[in-house]
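I have placed the structure first, in the form of structure tokens, so that the comments after it can refer back to it.
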Amino acid sequence: MKSCNFLLLPVAFLSLHAWGQEVSFNSSTLLQYWRQGTPGFETSTYSPATQFLEVDATGLGQEAISFHFYGWGRSDLAEQTRVTGKNTSDMVYGYVSYRAPKGNLEAQVGRIAVNQGVAIEQVDGGTFLADLIGGFTFSAFAGVPVHYRIFDESVQHDYEYQRDLIAGGRLGKRFDRFAELGLSFVQDGTYPGKKLNGYNTYDFTRRQMAVDIRVTPNTLLNMSGRTVFDIADRMDLPADTQANNARVAEHDYNLALRLNPQLGASLTYTERNFRAFYSGTTLPSLFNPQEPGTFRSQGVAFFIGAPTSRFQGVVDLKKTHRDSYGDSLRYGGELRGSVAPANLKYGVGLHRVNADAANYSGIVATFYGLAHTELQGWVTYEKDRMTAAFNAIHHHFDDPANPSLYGKGSLSEIVGALGYQATPDLKVSCDVIRGVSSLMQAETLFVMRADYHFGWARKEGVK
Amino acid sequence: MIRLLRNALLGLGLLGGLACGLLSPEKSFPNPHPSTLGMGQPVCTDCHEEGLKEGSSMLYSSFNHSPAFARDHKLPANRDSATCATCHPQSFCADCHTGKGVVSPALKLADRPDRISPHRGGYMTLHRIDGKMDPTSCYKCHGRSNNQTCIACHR
């Protein structure tokens, strides 16, 4: 079934040959190299090579029709780095697009990346967007989800029904110079929850509806946010599972204020109910829909400096609460600046995280602390055809008894990168990253990159 | 299954047709954006009018790529995708919002410390702390797709 959509590709490529007016290719090659020593084992060498390719062809016969492709392939030149195999590849998207001269109407068919209302998805199918009369906007998509398999499908014998189709859309209304309201919808699969036979350990059904709002009465105030509802036809979980049967999946709101040209503030509030929020997950062992309770966070941030100022600062504070774990408070600041004549940019940041202790899984009365301090500094520099970047991040942990730290009290990473723009269309660079492995062993990673652009069209957008 | 997909596409086409009749007569946004921009985060109000224009709900100052915009880009991204698309090919977004991950954004942007990244710096270790405090922030990117790396340890 899936292959049907790939059939569109040769058609598009053929038409590309037939007209072939404006085609551009962006290629990016990454070669990584590192050695890893696990205590008690031999040192291993890893060297994955990754190739990204982007193709944009415009004016296919008609000005309004274009073709866009983005994908990658990767191969381990030394030992295997991923559980999924030594060679992997993916077509991120590949679609034919029609854009009308009026109303921002666009239709896309093929493999598409969807970003509409509640859905961020990769879909083999079609999408349609348009601005309508009266300030309405409309978008919709439908197709077969691309990545949807869970690791262990045996927990759900009727899994296929739940993932055979995905569709959704959003209807928005813009109120001139003042506000915007939106209503969006998404559904996975053709079998809504209760039709599945009996009680399921994991109910992956996802049918969600969301309302979103933006209010901008003037340039000083911008309120926006959304509430997502779980509207699947669900069986309530038994009370003794403690799971949360709430129908609100998410509240996510932001209030941005411009206090004066040099000072802005932003307040955020988020609340998520795990069962409703995680519905549709493909990794239930980690994003467990049966986790009891909720997650909530409140944040405030101040932004100092106008967009054109030489310095920009952020002071922020965020409180989080997860019922099954506890509270955390993250606060600190960042400052970035530039020395324009010297093409030099820099930034520094300092954050402190106070957090409740976590218990060792399985052992109830033994706890370890998660509190830590984070320090970051970076510089970028450009001269003629050379670019250089340096970045250092240091974490200091209050409690080295955290099992993830393997007895170490701190963690650092230093990145140095040198780039050379050989021709307007070719840039090569080399990065050296000194950091630690997942076992907190020191590790040095080398990365070679080559970014190459060729074609007969001007480069689209930014990259 | 195939019938379903066909019906869905048909429905989409129908809705599309309906929408065409109701289509706004405003000119579509140019693609690509008519003015090429320098490196670095753009300030729209350098070129575009600051306040709200009559007959438009487009507030350019709210699109200035300030640190605040970068942090909260999800809000305009959900609503104003046609605006984003004038400058950003989808590949730009896909490097962070990918379906199947291959290179972490921190590595892809190793030479761009001035850019935001969902995570940087020793993340194989740090993620165990961040993930404990707030797994819901990871769900957007790793909960439905892009978890080929995670299943090595989280099954």
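The values are calculated or read from the model by the stated rules, or taken from the named source; none is laboratory data. Because the structure is a prediction, the values reported are computed rather than measured. FYI the Cβ positions are ideal-geometry reconstructions off the backbone, even for glycines, and counts take in every protein chain you see. We work out accessible area using only protein heavy atoms, side chains counted, and drop any ligands, DNA or RNA first. Shrake-Rupley method; radii C 1.70, N 1.55, O 1.52, S 1.80 Å.
Among A:Lys86/A:Lys318; A:Lys86/B:Lys140; A:Lys408/B:Lys74; A:Lys173/B:Lys108; A:Lys408/B:Lys132; A:Lys319/A:Lys383, which pairs are too far apart, with a Cα-Cα distance over 30 Å? Violating the 30 Å limit, Cα to Cα: A:Lys86/A:Lys318; A:Lys408/B:Lys74; A:Lys173/B:Lys108; A:Lys319/A:Lys383. Per residue of peptide A:121-128, the mean number of Cβ atoms on other chains within 10 Å of the residue Cβ is 4. Mean projected area of the Cα convex hull of region B:94-155, taken over all directions, amounts to 4.4 nm².
Kindly identify region A:365-439 as rounded, prolate or oblate by the Cα gyration tensor criterion: order the square roots of the eigenvalues as a ≥ b ≥ c, call it rounded if a/c is under 1.5, otherwise compare a/b with b/c, prolate if a/b is larger, else oblate. Prolate is the answer for region A:365-439, as a/c is 1.5 or above and a/b outweighs b/c.
Ranked by the mean number of other Cβ atoms within 10 Å of their residues, highest first, the peptides A:165-178, A:417-430 come out as A:165-178, A:417-430.
Positive contributions from Lys and Arg (+1) and negative ones from Asp and Glu (-1), summed over other residues with Cβ under 9 Å from the Cβ of A:Gly409, come out at -1.
So what is the 222 nm mean residue ellipticity for chain A from helices alone, if each DSSP H run of at least 4 adds -39500 (n - 2.57) and you divide by all residues, rounding to the nearest 500 deg cm²/dmol? Computed ellipticity for chain A at 222 nm equals -1000 deg cm²/dmol.
Whole-Hz Karplus values for region B:72-82 come out as 10, 5, 4, 5, x, 4, 5, 9, 10, 4, 5 Hz, taken residue by residue from phi with 6.51 cos²θ - 1.76 cosθ + 1.60 and θ = phi - 60°; glycine and proline positions read x. Per residue of peptide B:72-78, the mean number of Cβ atoms on other chains within 10 Å of the residue Cβ is 6.
Rounded to the nearest 100 Å², what is the sum over both chains of accessible area buried where B meets A, with a probe of 1.4 Å?
10200
A:Ala342 sits among other residues whose Cβ lies under 10 Å from its own Cβ, and their net charge, with Lys and Arg +1 and Asp and Glu -1, is +1.
Entry comment: accessible area of region A:235-333 is 43 Å² per residue, from protein heavy atoms only and a probe of 1.4 Å. Under a 5 Å amide H cut-off, with hydrogens placed 1.01 Å from N, B:Lys100 pairs with B:Asn146 among residues at least 5 apart or on other chains. Here region A:29-112 exposes an accessible surface that is 54 percent carbon and sulfur, computed with a 1.4 Å probe and the other protein chains kept in place.
For A:Val118, the residues 5 or more places off, or on other chains, whose built amide H falls under 5 Å of its own are A:Phe185. Among A:255-262, B:135-142, A:375-382, sorting by the average number of other beta carbon atoms lying within 10 angstrom of each residue, highest first, gives B:135-142, A:375-382, A:255-262. A cut-off of 5 Å between modelled amide H atoms, ignoring neighbours fewer than 5 places along the same chain, links A:Ala179 with A:Thr216. Of the accessible area of region B:97-155, computed with a 1.4 Å probe over protein heavy atoms only, carbon and sulfur atoms account for 58 percent.
Cross-link reach is defined here as a Cα-Cα straight distance under 15 Å, omitting same-chain residues fewer than 8 places apart; for A:Lys102 the aspartates and glutamates meeting it are A:Glu63, A:Asp131, B:Glu26. Rounded is the label for region B:29-94, because a/c, from the alpha-carbon gyration tensor with a ≥ b ≥ c as root eigenvalues, stays below 1.5. Derived scalar couplings between HN and Hα for region A:391-399 equal 9, 10, 10, 10, 10, 10, 9, 5, 10 Hz in order, rounded to whole Hz, by the Karplus curve 6.51 cos²θ - 1.76 cosθ + 1.60 (θ = phi - 60°), x for Gly and Pro. For a test of the definition: using alpha carbon positions, the gyration tensor, and the 1.5 limit on a/c, classify chain A as rounded, prolate or oblate. Rounded, since a/c falls under 1.5. Across region A:46-54, rounded Karplus estimates of 3J(HN,Hα) from the backbone phi angles (6.51 cos²θ - 1.76 cosθ + 1.60, θ = phi - 60°) give 10, 8, x, 10, 10, 10, 9, 9, 10 Hz, Gly and Pro being marked x.
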